């Protein structure tokens, strides 16, 4: 049985240096996948592990696979990704998906976003021409045939293409040994750099204690400080605070979700049962009501690198047959029987004073008696980088402990 290797790659640099209704169905599918994916990844990972994830690239690469899946393999992918199985609705969904991708990738002053979807095949491997034409049209996929027998050259070529998109922050994705049995590599890479709309003053950054969910000090972090008109509200039945930090031009924002009196895992699980739009709506209402109330914000400066094998997480989410060589049906890609052997995700995020690049034991302390309100993010929290025009989550993760 031949192997079908998939590598999902994304890197994000965040340096602190009008929703379109017709896209709702696609952004809702992407966001729900993102929240479910974060909840399942947090469940499987160690509680103290920091995570950097790009649901946008993972969702895209699995959608590319789905275009060549058949029967129950296709059904499982559609259910997990939120893609309609009805052919008429599916065609409409595809068109909206193209529009959403174009909207997300529009760069603006202070925000740069670059992606690459690429398929690398063994030189003698025959790909279904209809499948190749479809993924090139829908996902702007580059398809390149390489001599995998010349492992050194092929590895250098693949890694070079992906490293170029991520500005060298994610490299050595493929090892020479990976090419021994592989027939196809399906990859998706992402690079994001955003400058804060209101930068943090580096002279105000100070070392402060960081706590775990049990309110125990587990180390110190460089705590950044800012004061401005930032949307801030309680969400999830008052179990957490949501804070929005916009990037320059306010096309994109980072949202921080900070538990109040429960664990981060509990909050992440609650998020998976909610619509991400409810969080955005709560922030919008708060911004309208308290538009003139400044907020004191304290958040850690941090950098996270993740290198994950996602097979088990995706299996738990309902994508199972595609990993099983006995039942996987990917005959839309090739007449040869294939299955997914690995889904690898590598990502990096850096948040500092330029952008998304009195200590209190109680995180998320909010002083409502008199302005300005204060929020101190000094315990485990989740973060989301999202595109405001399409309301789509592009990058996300959690910060649980100082590195």
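The values are calculated or read from the model by the stated rules, or taken from the named source; none is laboratory data. What you see is a predicted model; the values in this text were computed from it and never measured. Neighbour counts run over all protein chains shown; Cβ positions are idealised from the backbone, glycine included.
So here's what we get for this one:
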| quantity | calculated |
| --- | --- |
| Residue match in the stretch 239-254 (condition: modelled with pLDDT of 90 or more and surrounded by fewer than 18 Cβ atoms within 10 Å (Cβ to Cβ)) | yes |
| Of residues in the stretch 331-355 being assigned to a loop (DSSP other than H, G, I, E, B) and touching a strand residue (DSSP E or B) at 6+ places or on another chain (Cβ under 9 Å), the one surrounded by the fewest Cβ atoms within 10 Å (Cβ to Cβ) | 336 |
| Selected residue (only one of 39, 34 is within 14 Å of the chain's Cα centre (by Cα), at pLDDT 90 or above and either closer than 22 Å to residue 98 by Cα or surrounded by fewer than 16 Cβ atoms within 10 Å (Cβ to Cβ) (or both)) | 34 |
| Options 373, 335, 343, 327; residue that is at pLDDT below 90, in the same structural domain as residue 38 (by TED's automatic domain parsing) and either under 21 Å from residue 297 (Cβ atoms) or in contact with a helix residue (DSSP H, G or I) (Cβ under 7 Å, 6 or more places away or on another chain) (or both) | 343 |
| Residues located in the stretch 76-89, provided they are in a helix (DSSP H, G or I) and surrounded by 15 or more Cβ atoms within 10 Å (Cβ to Cβ) | 76, 77, 78, 80, 81 |
| Residue check for residue 168: out of contact with any helix residue (DSSP H, G or I) (no Cβ under 7 Å at 6 or more places or on another chain), surrounded by fewer than 18 Cβ atoms within 10 Å (Cβ to Cβ), assigned by TED's automatic domain parsing to the domain that holds residue 64 and assigned to a helix (DSSP H, G or I) | no |
| Long-range neighbours under 6 Å by Cβ, at least six apart or interchain, first residue in the same structural domain as residue 182 (by TED's automatic domain parsing) and modelled with pLDDT of 90 or more within the stretch 145-159, second in a loop (DSSP other than H, G, I, E, B) and surrounded by fewer than 17 Cβ atoms within 10 Å (Cβ to Cβ) | 145/123; 147/123 |
| Every pair of residues 6+ apart whose Cβ atoms lie under 6 Å, when the first sits in the stretch 95-118 and is more than 16 Å from residue 386 (Cβ to Cβ) while the second is modelled with pLDDT of 85 or more and surrounded by fewer than 14 Cβ atoms within 10 Å (Cβ to Cβ) | none |
| Criterion: at pLDDT 85 or above and not in a helix (DSSP H, G or I) - qualifying residue of 121, 115 | 121 |
| Hits in the stretch 258-267 (condition: crowded, with 23+ Cβ neighbours inside 10 Å and either touching a helix residue (DSSP H, G or I) at 6+ places or on another chain (Cβ under 6 Å) or over 20 Å from residue 376 (Cβ atoms) (or both)) | 259 |
| All positions within the stretch 133-155 that are part of a helix (DSSP H, G or I) and under 26 Å from the mean Cα position of the chain (by Cα) | 134, 135, 136, 137, 138, 139, 155 |
